[in-house]
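None of the figures in this text is laboratory data; all of them are computed from the coordinates on show. Just so it is clear, the structure is predicted and the values come from calculations on it, not from any experiment.
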Amino acid sequence: MEEPQQEALKPVKSLQEFMQRHGLVDWPLTSEEHTESPAEFFSFASSEQVYEYLKEQVPFPKHVPESLLEDFESLWARVKAHEATLSHEQSRTPAEEQRASD
């Protein structure tokens, strides 16, 4: 009965042994057997054709550009606020600096 426990404690010496111990399957077995590619995919002559095909088959989510624009505008507003703060601090006179530190 102790044999399975001893087997589990024994370090693996190869990838095959690791996969067998954990019940894994070598992946990919072969690309031809496990992928489904439309015949027209292999007839593309340029990257532009591939781009157009993918653009039709996998449309870009419409909310992403809007979300990126909102994030950019928010970041830009923060940059401008920091810029204004730094600009204001640099333009203070020594007397204003003294009052600010008191």
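Per-residue 3J(HN,Hα) values for the range 62-73, derived from phi via the Karplus relation 6.51 cos²θ - 1.76 cosθ + 1.60 with θ = phi - 60°, read 5, 6, 5, x, 5, 5, 5, 5, 4, 4, 5, 5 Hz in sequence order (x marks Gly and Pro). Listed values for the range 52-59 are Karplus-derived 3J(HN,Hα) couplings in whole Hz (6.51 cos²θ - 1.76 cosθ + 1.60, θ = phi - 60°), namely 4, 4, 5, 4, 6, 7, 10, x, and x replaces Gly and Pro.
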